[in-house]
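A short reminder: the numbers here are calculations on the coordinates, not readings from a lab. Please read these numbers as outputs of a predicted model, since none were measured by experiment. Methodologically, a virtual Cβ is constructed for each residue, glycine included, from the backbone with ideal geometry; neighbour enumeration extends over all protein chains shown.
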Amino acid sequence: MKIPTLVILAAGMGSRYGGLKQIDALGDNGETIIDFSIYDAIKAGFKKLILIIKEEHEQAFETQLVSKIRPFIDVQYAYQRLEDVPQGIEVPEGREKPWGTVHALLAIEEIVGDNPFTVMNADDFYGRASFEKMYDFLSEEVNDDNYSMIGYVLKNTLTDHGSVTRGVCEIKDDYLDSIVEIQQIEKNGNKVRIKENNQWKEIDGDGLVSMNYWGFTPHIFSQLKPLFKNYLDMHLASNPMKAEYVIPTAIGELLEANEVNVKVIASPDQWYGVTYQEDKDLVISKLKEYKTNKVYPHDLWKQK
């Protein structure tokens, strides 16, 4: 029997945030955002978790997070290593930044086996309904020709403290038609604008965007590997310190080549995240409010 697996991308360096935000305590009982995601995932039915991290951060994750959750879910680590690159690629001297979320995802290929899986960011609060919808999809609908993405309303995913990166989607008959990773999206009063080619322009704030929350089968690895190698061949020389290849860009290329179908599952939940340090106060207050309203218990991991 194939087991839907939860995969969390937790190897990012948090340059805009200024620290290892993946395990920054935001709940009033010392919880990280990942705690709430894992709690919601377990409630939805997930029984296996793969955490993709930088190897040097394992002890911090073990102490802050994993030691608490092991009684409730099977946990394995996967390591995003800078030196794990395609044959023929050399790591530039002085490079520290990981190669992006496609590179991170490839790190789980040997661990996930033949199980379908969902992959998401460590520093985003996605809401419980999204986990229930994704678990149902992975249990009943996913196959090598049918992936999925949880979509969020763009205006509900923005911060008051600066620009963010989002995968802006075009959707046709509930399936993803195209997706473009936009590096600078921000609020502009009651409207939303993006920066392209050094120019700001308004876009529809009610459209759906990707928050890097996907449902795949292991077939995705064979599709991503040549794209990752091609990306490095094309971009590494011109941007040796910061070039990174991300999942929305890869999916966009696969869509353009008619190699994937991606069902878009709209989430009714409000997204919260900590792109910047200034975002913390809002997230802290919202998580406390959820506990006050009994959406979550005070102690997520209290054993009965």
Contact order relative to length of region 133-259, as percent, for alpha carbon pairs under 8 angstrom and 6 or more apart:
29 percent
Relative contact order of region 5-292, defined on C-alpha pairs under 8 angstrom at six or more residues apart (%):
25 percent
Quick one: the Cα spread of the chain along its three principal axes, in angstroms, biggest first?
53, 46, 43
Run down the aspartates and glutamates and flag those whose C-alpha is under 16 Å from the C-alpha of Lys187, throwing out any fewer than 8 positions away in its chain.
Asp160, Glu196, Glu202, Asp204, Asp206, Glu278, Asp279
Where in region 196-229 does the label zone of Glu186 land, with the point 7 angstrom along Cα→C-beta and an amide N cut-off under 15 Å?
196-203
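Given the pairs Lys68/Lys291; Lys195/Lys242; Lys68/Lys133; Lys133/Lys172; Lys47/Lys225, which span a C-alpha to C-alpha distance of over 23 angstrom in this model? Write down the numbers at each step before the final one.
Values: Lys68/Lys291 19 Å; Lys195/Lys242 20 Å; Lys68/Lys133 26 Å; Lys133/Lys172 20 Å; Lys47/Lys225 28 Å.
As for pairs spanning more than 23 Å Cα to Cα, those are Lys68/Lys133; Lys47/Lys225.
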If each DSSP helix of 4+ residues adds -39,500 (n - 2.57) and the sum is divided by the residues in the chain, what number results at 222 nm, nearest 500 deg cm²/dmol?
-7500 deg cm²/dmol
The equivalent-ellipsoid semi-axes of region 68-117, taken as the square roots of five times the Cα gyration tensor eigenvalues and listed largest first in whole Å, are 27, 14, 8
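Please find the FRET efficiency linking Asp174 to Ser238, where r is the Cβ-Cβ separation and R0 is fixed at 41 Å, and quote it to the nearest 0.05.
On the way: r = 38 Å, r/R0 = 0.92.
Computed FRET efficiency for Asp174 and Ser238 comes out at 0.60.
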Volume in Å³ per residue [convex hull over Cα atoms, computed for region 27-106]:
115 Å³
Sort out for me the Cα centre separation of region 58-129 from region 227-291, rounded to whole Å.
14 Å
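Please state the relative contact order of region 167-223 as a whole percent: Cα pairs under 8 Å, 6+ residues apart?
Values: 63 pairs, mean separation 16.2, N = 57.
Relative contact order, region 167-223: 28 percent.
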Evaluate the charge dipole of the chain about its Cα centre and quote only its size in Debye, nearest 20, assuming +1 on the Cβ of each Lys and Arg and -1 on the Cβ of each Asp and Glu.
860 debye
Going from the alpha-carbon gyration tensor of region 185-304, what semi-axes, largest first and in whole Å, does one get by taking the root of 5 times each eigenvalue?
33, 23, 17
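Not counting the cut sites, what is the longest span of the chain without GluC sites (Glu not before Pro) that DSSP labels loop and that have at most 14 other Cβ atoms within 10 Å?
Details: sites that count: Glu83, Glu90, Glu93, Glu96, Glu141, Glu259.
The answer is 142-258.
State the extension gain, in nm to one decimal, for the chain segment bounded by Glu132 and Asp160, taking 0.36 nm per residue of separation less the distance between their alpha-carbons.
Details: separation 28, 0.36 × 28 = 10.08 nm, distance 2.90 nm.
Full extension from Glu132 to Asp160 adds 7.2 nm.
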If Thr159, Thr63 are placed from fewest to most neighbouring beta carbons inside 10 Å, the sequence is Thr63, Thr159
